[in-house]
Each structure stands twice: as structure tokens, then as C-alpha cells.
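Here, each number is a calculation from the coordinates, and none is a lab measurement. Note that this is a predicted model, so its numbers are computed, not measured. Here the Cβ positions follow ideal geometry from the backbone for every residue, glycine too, while neighbour counts run over all protein chains shown.
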Amino acid sequence: MKHLNDESNEEIEFLEWDSNFFNIRVGRVYSSLKKIDLTKVSNFDLIYIHSTVLLENSTIPLYDKKVTFEKNITLTEKALDNSYVVKYDGGLTKELKDLAIASGTYSRFKLDSKLSNRFEEFFTLWIKNSLHGKLADFVYVYIKDNKIIGFISLKKNDSYYQIGLIATSALHRGLGIGSALLQKAEEVAKSEKISKIIVVTQLDNNIACNFYKKNGYQIKSTEYIYHHWLT
């Protein structure tokens, strides 16, 4: 069993941004063990436990089954009509804000009742920072009848592009809008000689998981995230 106590706090990473945003002291620890002892930790209010296996600690709530999907885009695929997808350089609109909030329906920050009061603000800040270039290099939107009904944010890394947020208006789902947004992301990556795209979602979000599989994405890894509150 892994013991985390006041004498071994180097094993817990202090999360400055989360701590400032939620106005509590937040830490994070990674584990590959089925049991983890956090009973002696006293200088954190909340600890995120990222585990590669399901914990046997029944008293620690599981809030996220994080699934990372990956796609190799070296192969040429049938082109979709993404003429409605355009690069967006404007400011935050109500449409974008609502879409960003909707993208977090299965988020652990919404599911945890102690954090859910800041959930909408959290995702609003996420899309704001994406538009300002802090969390994304590009934001593309799907526009129909002068309305934004879908969007995707992209962040470039050394060997891959990562999708940060992606959402489609609830009134326009099932029309291929999400797939068109994905294809635009793949075109952007190919234009820069990058052959891999990564996106994270929740295992419990069956619609999202099936959507990525349908578009050729494969599961790369699964991680379980627990919230251990000490207050």
C-alpha cells in the first residue's frame, strides 16, 4: 500500500490553478496500486487521484473514467462537406459559451457536488482561454444560417494535435456536423505534417465514445480519477 502523509508530501503535486479557481488547496497524485492510504494527509482540501486501475477504497468516490482516443491520419479518407467549417478569430458569444458548457455534461467538475457550483464558470473560462490562444492554437466553428451550431478547439504538440473541446448544438446532432469538425482538425494536422490526433472523453459518455470510434479513433488508454475530500 502506498502511504501519503505529512512526511511524504512530495508525492502529491500541488495544483496552483485549481487551488486558486476553487479557492481551496488542491493536490494531485498518480497511482497504479489498487489501494492508496490518504488518511494522514492534512494540508490539502481536495486530492485528485489519477489511477490506472480501479481502487478498492470504496469510501473514495470515482468521478471520471477518462478515456483517451487516438487516430493516425496518414491515410486518405473520403472527404466530407466541411465548407460550413471556418476558422474563428472572434470573441466569446452566447452560442459558443452554451456549446462549451454542454461539452462538459459528463465532466467530473459537474458530477462532484462540491465543485458543480463552479462548473459553468469553469467551462466558460476554458473556451475564453481557447479563444485567446492560451489553451488552443485554433478554434473552428460550424456556421449554418449565420449561427454557430458546432465548434472544435485544437492544441498543437510536438508530434500530435489534441482536441480540447468539441460540441454540436443539441438541435443539430446526427447531421454529420461533429464528423465535419473532426475532418477539419485532421486537415489542419496534415497541413503541418502531423499524423496523429488525440482527444479525451469519459467512458460513461457512450455517445461520444461511439462517435470517435465511428470516425476511426481507437482507445489508447483509460484512467480513473477519484476526488478525495479532506474537509
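The table below gives the values:
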read-out: Fewest-first sequence of 126, 17 by Cβ atoms within 10 Å of each Cβ; value: 17, 126
read-out: Net lengthening on full extension, residue 170/residue 50 (0.36 nm per residue, minus Cα-Cα); value: 40.1 nm
read-out: Highest to lowest packing among 47-56, 103-112, scored as the average C-beta count within 10 Å; value: 103-112, 47-56
read-out: Most mobile listed residue (113, 58, 130) in the chain, GNM with C-alpha springs under 10 Å; value: 58
read-out: Using alpha-carbon coordinates, inclination of helix 177-191 to the longest axis of the chain, degrees; value: 90
read-out: 11 Å beta-carbon shell around residue 128, net charge (K/R +1, D/E -1); value: +1
read-out: Cα-based helix-to-principal-axis angle, 94-103 vs the chain, degrees rounded to 10; value: 50
read-out: Set of aspartates and glutamates near residue 35 by C-alpha distance (under 13 Å), chain-local residues within fewer than 8 positions excluded; value: 56
read-out: Packing-based exposure ordering (other Cβ within 10 Å, fewest first) of 172, 228; value: 172, 228
read-out: Neighbour-count ranking [beta-carbon atoms within 10 angstrom, fewest first] of 188, 199; value: 188, 199
